[in-house]
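Asker: Submitted below is the structure of interest, expressed as structure tokens.
Throughout, read-outs are computed from the coordinates displayed, never taken from laboratory work. Only a predicted model underlies this, so the values are computations on that prediction, with no experimental measurement involved. Every residue, glycine among them, receives a Cβ derived from its backbone with ideal geometry; neighbour counts consider all protein chains shown.
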Amino acid sequence: MTTAPYHSTANIRIIDWNEVKQRLAMSTQALALALTPNPDLVRATLIRRAARLRVRDLADLEPRGVAALTFCLGSETYAIELDRLAEVALFPRCAKVPGTPPHLLGVINQRGHIRPVVDLAQLLGLAAPGMRTGGYVVFVRKRPVDVGLWVETLDRVRRIEAAEAAPGFPGRFVRAVTADALILLDPAAVLEAAGFGDDKTTRW
């Protein structure tokens with residue numbers, strides 16, 4: 001008498017097709033999220049590219065206004081002319097330098113270059129000293145090294161017409177103010193107050 005071969009089912013795993021479907025759905029969702037552009041990164045990239053487009057002749061453009069990057073600190077909106085900017089980046093971790101003033105957040109390594117980062121909110125008296133998280137760094141052109149200004153959020157690139165800017169507004173760092181309360185900063189005055197004057201030395 002011939003007997004049928006015995007097959008053990010001890011190592012046979014029952015496939016849970018519901019679990020497989022759930023994992024496929026989760027993988028599809030994760031892939032979709034990974035491929036969705038980050039709005040902050042997209043905005044920073046676009047503004048970085050715009051900042052690198054130098055104004056060819058500022059003297060000729062001033063009667064017709066200037067292009068400026070606008071950003072927010074608290075409830076106020078500020079601007080710096082694009083031709084004074086080197087680039088814009090997301091704010092990374094900052095290495096604090098001992099013995100420096102409270103408005104200096106520290107230094108960062110930007111593509112192999114050590115650059116200082118100033119807390120613009122603290123310098124303007126809008127916030128108490130402290131380490132910042134998130135936000136952006138707006139790098140102002142300066143020799144021998146560009147100086148970063150920490151800002152809370154980016155707004156947009158905007159042209160400020162000469163007719164809408166009111167000069168002579170009382171303020172140490174203010175170059176002009178528009179009718180909609182946009183404050184155009186004087187980056188030279190900001191860097192001077194932060195300790196990065198034209199003499200290329202710092203007071204700390």
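Asker: Out of residues 5 or more away from GLU87 or on other chains, whose amide H comes under 5 Å of its own, with H placed 1.01 Å from N in the peptide plane?
Answerer: Sorted by chain and number, the residues that satisfy this are PHE139.
Asker: Peptides 175-188, 114-127: what's the order by average Cβ count within 10 Å, highest mean first?
Answerer: Highest to lowest by the protection proxy: 114-127, 175-188.
Asker: How many nm is it between the label spots at ARG143 and GLN22, if each spot is 7 Å from the Cα in line with the beta carbon?
Answerer: Taking the two extended label points, one gets 6.5 nm.
Asker: Using a 7 Å offset from the Cα along the Cα-to-Cβ direction at both ALA95 and ARG172, what is the distance between the two label points in nm, to one decimal?
Answerer: If labels sit at ALA95 and ARG172, their model points lie 3.0 nm apart.
Asker: Return the sequence-ordered ³J(HN,Hα) values of region 151-158 in whole Hz as given by the Karplus equation 6.51 cos²θ - 1.76 cosθ + 1.60 applied to θ = phi - 60°, using x for Gly and Pro.
Answerer: 10, 6, 9, 8, 10, 6, 9, 9
Asker: In nm, give the distance between the simple-model label positions of ALA127 and CYS72, each being 7 Å from the Cα along the Cα-to-Cβ direction.
Answerer: 1.3 nm
Asker: Shifting gears a bit: What residues have an amide H closer than 5 Å to that of LYS142, excluding those fewer than 5 places away on the same chain, when H is modeled at 1.01 Å from N in the peptide plane?
Answerer: Those qualifying (amide H under 5 Å, at least 5 residues apart or on another chain) are VAL147.
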